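The values are calculated or read from the model by the stated rules, or taken from the named source; none is laboratory data. Computed from a predicted model, the values in this text were never measured in an experiment. Backbone-built Cβ (ideal geometry, glycine too); neighbour counts: all protein chains shown. The protein model used for the area step is the full one, side chains on, heavy atoms only, and it has no ligands, DNA or RNA in it. Shrake-Rupley method; radii C 1.70, N 1.55, O 1.52, S 1.80 Å.
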Amino acid sequence: MSGRTEDERWAAVEEPIELLHEEDIDGAVKALREVLLADPGNAHAHYYLGLAFMRKEKAGAALAAFAEAIDRDPGHLGAQVYRGWCLYELARFEEAIDAGERALEISADDGDALHLLGLSYAETGRKVEAMMCLERFLKGRPSAEDRMDAEALLITLRGGATVMPEA
């Protein structure tokens, strides 16, 4: 352990987070790597590096960063959920389910974890579990796009036909 406090670790990622907000993804990656050189145990830096890699559509690199964040902070909900989304994107659905279930152990009603689980269960043919997760997801406040997607998938899982809206 580097002896840094939690406040110091948060302070170290303030600038890289600002770069992410400004859409300077390459600058954020560089700054986060510098933070990690000074403090490899900074779970926040690993998490935000994962987010940066996701924005660059590098799911494998993002997955590794989220795994590092979880190693340093097993209760890191965001890292666990985004680890699951990376696994989903890589078509590693059983592992995505595991990540989603672990996320629900951290926060039982997390909408992102429920959404991830609903889609992952559907991909593996587990219709009942998929429907249960999607119904719970819809009880939250998902975005309009996520709501429409989840409702369409529920109709399909229940055996109905769906018409995809035109873009």
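Take 54-66, 145-157 and order them by the average number of nearby Cβ atoms within 10 Å per residue, most first; the result is 54-66, 145-157. On the principal axes of its alpha carbon atoms, the chain extends 55, 34, 26 Å, with the longest extent given first.
Near E8: Cβ cut-off under 13 Å, other residues only, Lys/Arg at +1 and Asp/Glu at -1. The net charge is -2. Would you mind telling me the share, in percent, of accessible area of the chain contributed by carbon and sulfur at probe 1.4 angstrom? Carbon and sulfur atoms account for 51 percent of the accessible area of the chain. Per residue, the chain exposes 56 Å² of accessible surface when a 1.4 Å probe is rolled over the protein heavy atoms with every protein chain present.
Coupling constants for segment 53-62 follow from the phi torsions by the Karplus curve (6.51 cos²θ - 1.76 cosθ + 1.60, θ = phi - 60°), and in residue order they are 5, 4, 5, 8, 6, 10, 4, x, 5, 5 Hz; glycine and proline get x. Which value at 222 nm does the chain reach when only helices count, each DSSP H run of 4 or more adding -39,500 (n - 2.57), with the total divided by all residues and rounded to the nearest 500 deg cm²/dmol? After summing the helix terms and dividing by residue count, I get -23000 deg cm²/dmol. Basic side chains Lys and Arg get +1 at the Cβ, acidic Asp and Glu get -1 at the Cβ, and with that the dipole of segment 1-42 about its Cα centre reaches some 300 debye.
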